[in-house]
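**Student:** My structure is below; once you've seen it, I'll send some questions.
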Amino acid sequence: MTIAVRYQTRNGNTEAFANQIAAAVDAPAEKIDTPLPTDPVDVLFVGGGTYMMRPDKTLSAFMATLDAAKVKHIAFFTTSGGPETPTDKALTKLADEKGIPVIGHFHQMMGGKGMFGSKSVTLKPDQIQAVKTFAESMLTHN
Ligand SMILES: Cc1cc2nc3c(=O)[nH]c(=O)nc-3n(C[C@H](O)[C@H](O)[C@H](O)COP(=O)(O)O)c2cc1C
């Protein structure tokens, strides 16, 4: 099973979750400018933050590069300050347009954490447990 983890972050929150997913699924967490494996990816974890109610433009551009023949399933993980999930919704729409099935959505509300440029984010034990459970549950799809 080929698994890949790609994420966009400005201030480190999404990266902290990407690192936990990477440990849970035994695949490196890489930024979106790292090319995907040449083999088709069975599960691609895609993560990003929310900025002015949208994903970062670079993440939307990354989604536009994906090919349904090369990416079998996507699992999104997103962070935001507030409870709404506009980034997840926007990314899901882009995956739908590509014809790539979305098998899971993990979202974490961070409040003010990371709003002021903190790059080294320490997650709480319950956040770590939640994202690991999510990541492991995604591997039942192949
Ligand atoms: C410029 C900027 C704009 C933001 N806009 C929103 C927003 O519209 N809605 C929201 O819920 N959070 C917003 N946030 C909070 C971020 O989504 C939140 O801190 C997220 O975890 C950032 O992920 P990152 O640390 O991986 O970049 C904003 C943060 C920044 C820095």
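Quick note: the coordinates plus some simple rules give every number you see, no bench work behind them. Just so we're clear, the structure is a prediction, and the values are computed from it rather than from any experiment. Every residue, glycine among them, receives a Cβ derived from its backbone with ideal geometry; neighbour counts consider all protein chains shown.
**Student:** Exactly one of these conditions fails for Pro55: (1) within 11 Å of the ligand (Cβ to nearest atom); (2) closer than 16 Å to Ala24 by Cβ. Give me its number.
**Tutor:** With respect to (1) within 11 Å of the ligand (Cβ to nearest atom); (2) closer than 16 Å to Ala24 by Cβ, Pro55 is out only on (2).
**Student:** Find the residue count for region 51-65, including only residues that are crowded, with 17+ Cβ neighbours inside 10 Å and under 16 Å from Val41 (Cβ atoms).
**Tutor:** 2
**Student:** Now a separate question. Given the conditions (1) within 15 Å of the ligand (Cβ to nearest atom); (2) of a type in the set (A, V, I, L, M); (3) touching a strand residue (DSSP E or B) at 6+ places or on another chain (Cβ under 7 Å), report the number of the one that Ala95 does not fulfil.
**Tutor:** (1)
**Student:** Pull up region 66-92, narrow it to residues that are among the acidic types (Asp, Glu) and surrounded by fewer than 18 Cβ atoms within 10 Å (Cβ to Cβ), then point me to the one that is farthest from the ligand (Cβ to nearest atom). Don't jump to the end; show me each part of the working.
**Tutor:** Just the residues of region 66-92 that are among the acidic types (Asp, Glu), to begin with: 67, 84, 88.
This time we only want the ones that are surrounded by fewer than 18 Cβ atoms within 10 Å (Cβ to Cβ), so: 67, 84.
Numbers: Asp67: 26, Glu84: 6 Å.
Taking the candidates together, the pick is Asp67.
**Student:** Further question on the same structure: Out of (1) surrounded by fewer than 22 Cβ atoms within 10 Å (Cβ to Cβ); (2) outside any strand (DSSP E or B), what's the single condition that is false for Ile103?
**Tutor:** Result: Ile103 passes all but (2).
**Student:** Moving on to the next point. Restricting the search to region 98-119, which residues are charged (D, E, K, R) and within 16 Å of the ligand (Cβ to nearest atom)?
**Tutor:** Of everything in region 98-119, those that are charged (D, E, K, R) and within 16 Å of the ligand (Cβ to nearest atom) turn out to be Lys113, Lys119.
**Student:** Taking Thr50 as meeting all but one of (1) more than 8 Å from the ligand (Cβ to nearest atom); (2) in contact with a helix residue (DSSP H, G or I) (Cβ under 8 Å, 6 or more places away or on another chain), write down the number of the exception.
**Tutor:** If we test Thr50 against (1) more than 8 Å from the ligand (Cβ to nearest atom); (2) in contact with a helix residue (DSSP H, G or I) (Cβ under 8 Å, 6 or more places away or on another chain), just (1) comes out false.
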